[in-house]
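Engineer: Structure incoming, see below.
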Ligand SMILES: Cc1cc2nc3c(=O)[nH]c(=O)nc-3n(C[C@H](O)[C@H](O)[C@H](O)COP(=O)(O)O)c2cc1C
Ligand code: SF4
Ligand code: SF4
């Protein structure tokens, strides 16, 4: 059995997880956002993968909490292969060392770590890059993913580069920056284009959005800042701070919102 856990706001990490899974006949995909947060995650599959985006040079808090819930079965790790693949727009910072360190605290050994560059989804900094540039990144990512798949199949070990004390410093800064994201949803604003479709609430991985009777969202300050609500809104009804609403939105072009969202209630 090969379990692949993923967290993804705008589809980059999910897309790679899905493509990666095709290399293994017994791989199953599991959404971290849809797991029961009170339950342990038992590391009892022969191979376990974790796909996630880098936030602020570190690990999104939902992924950090997930890592802390991973436990070994009674007999220990016993040769089980655990790997992590992070996606970023080019600056992975200390994300992979954080994964290794959080798990090492409980004697869990991450055997292989990979970073794959994807287009940025961080809307407050910039809009979607031109399609041609995105496609170049996708082509490179495809090659990197193929190499990672071969390495995981062969159970090759690889660890992220660490330069002491720089990695310790980056880890510290990343942790501080990620802690500020919960309240960053104060920047979201709703314009009059909202049609009450409820997608933003269903796609939010943090259950941070409630809807009023008209189906209009409010944000509750336990945000991951994953950008899913803003980037996937089909009516372009969500704006951020003083950013020109004409700024181009981004989500992975081959992923649909339905693949990431919770199913609509009957
Ligand atoms: C809150 C936030 C912080 C980010 N921080 C970084 C970063 O430190 N370095 C980087 O290269 N990319 C950063 N990014 C970009 C994402 O890591 C990248 O676009 C990722 O592939 C998005 O994955 P997803 O589509 O699966 O959510 C950040 C994105 C967000 C939303
Ligand atoms: S996804 Fe957009 S249009 Fe749909 S309810 Fe949310 S804000 Fe309104
Ligand atoms: S409120 Fe929006 S940005 Fe924050 S976690 Fe939910 S979907 Fe992501």
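Laboratory data are not the source of any read-out in this text; all were calculated from the coordinates shown. Here the structure is a predicted model, which is why all the values come from computation and not from measurement. Note that each Cβ is placed from the backbone with ideal geometry, even for glycine, and that neighbours are counted across all protein chains shown.
Engineer: May I ask you to derive the FRET efficiency for residue 77 and residue 173 from their Cβ-Cβ distance with R0 = 35 Å, giving the value to the nearest 0.05?
Structural biologist: Numbers: r = 31 Å, r/R0 = 0.88.
Calculated value: 0.70.
Engineer: Let me ask something additional. Taking the chain on its own, what percent of its Cα-Cα pair distances exceed 30 Å? Working shown, then result.
Structural biologist: Numbers: 9638 of 35245 pairs.
In whole percent, the long-distance tail amounts to 27.
Engineer: Distance between Cα centroids, region 202-266 to region 136-179: provide it in whole Å.
Structural biologist: Measuring centre to centre over Cα atoms gives 28 Å.
Engineer: Here is a further query. Pop the C-beta distance of residue 163 and residue 107 into the FRET formula with R0 = 35 Å and round what comes out to the nearest 0.05.
Structural biologist: Working: r = 25 Å, r/R0 = 0.71.
Once rounded, the FRET efficiency stands at 0.90.
Engineer: Can you tell me how much longer the chain between residue 150 and residue 28 gets when fully stretched, taken as 0.36 nm per residue apart minus their C-alpha distance, in nm with one decimal? Spell out each step's value before the answer.
Structural biologist: On the way: separation 122, 0.36 × 122 = 43.92 nm, distance 1.78 nm.
Separation in residues times 0.36 nm, less the Cα-Cα distance, equals 42.1 nm.
Engineer: A follow-up question, please. By how many nm would the segment from residue 35 to residue 195 lengthen if fully extended, with 0.36 nm per residue of separation less the alpha-carbon distance? Could you put the intermediate results ahead of the total?
Structural biologist: Details: separation 160, 0.36 × 160 = 57.60 nm, distance 2.90 nm.
Value of the extension gain: 54.7 nm.
Engineer: Helix 131-153 versus the longest principal axis of the chain: what is the Cα-based angle in degrees, 0 to 90, to the nearest 10?
Structural biologist: Around 30 degrees separate the two axes.
Engineer: Give me the percent of DSSP beta bridges within region 2-177 that run antiparallel, rounded to the nearest 5. Before the final figure, lay out the partial values.
Structural biologist: Working: 1 of 27 bridges.
Here the share of antiparallel DSSP bridges comes out near 5 percent.
Engineer: Then there is this: In whole Å, largest first, what are the principal axis extents of the Cα atoms in region 43-187?
Structural biologist: For region 43-187, the Cα extents along the three principal axes come out at 48, 35, 28 Å.
Engineer: If you line up the long axis of helix 12-21 against the longest principal axis of the chain, both from Cα atoms, how many degrees apart are they, to the nearest 10?
Structural biologist: 40 degrees
Engineer: Using only the Cα atoms of region 182-260, build the gyration tensor, take square roots of its eigenvalues as a ≥ b ≥ c, and label the shape rounded, prolate or oblate: rounded if a/c is under 1.5, else prolate if a/b is larger than b/c, else oblate.
Structural biologist: On the way: a/c = 1.16, a/b = 1.07, b/c = 1.08.
Here region 182-260 falls in the rounded category.
Engineer: To continue, here is another question. With angles folded into 0 to 90 degrees, how steeply does helix 95-104 sit against the dominant principal axis of the chain? Use alpha carbons for both and round to 10.
Structural biologist: Taking the Cα atoms of the chain, the angle to 95-104 is about 50 degrees.
Engineer: Compute the length gained on full extension between residue 262 and residue 212: take 0.36 nm times their separation in residues and subtract their Cα-Cα distance, giving the result in nm to one decimal.
Structural biologist: Numbers: separation 50, 0.36 × 50 = 18.00 nm, distance 1.83 nm.
So the chain would gain 16.2 nm between residue 262 and residue 212.
Engineer: Would you mind calculating the relative contact order of the chain from Cα pairs under 8 angstrom and at least 6 residues apart, reporting the percent as a whole number? Provide the component values of the computation, followed by the final result.
Structural biologist: Values: 466 pairs, mean separation 53.0, N = 266.
Dividing the mean separation by the residue count of the chain yields 20 percent.
Engineer: In deg cm²/dmol and to the nearest 500, what is the mean residue ellipticity at 222 nm of the chain if only DSSP H runs of at least 4 residues count, each as -39500 (n - 2.57), divided by the residue total?
Structural biologist: On the way: 8 runs with 80 residues, N = 266.
Dividing the helical sum by the residues of the chain leaves -9000 deg cm²/dmol.
Engineer: Rounded, prolate or oblate: which one fits region 1-79, using the alpha carbon gyration tensor with axes a ≥ b ≥ c (rounded when a/c is under 1.5, else prolate when a/b beats b/c, else oblate)?
Structural biologist: Working: a/c = 1.94, a/b = 1.15, b/c = 1.69.
Taking the square roots of the gyration eigenvalues as a ≥ b ≥ c, region 1-79 is oblate.
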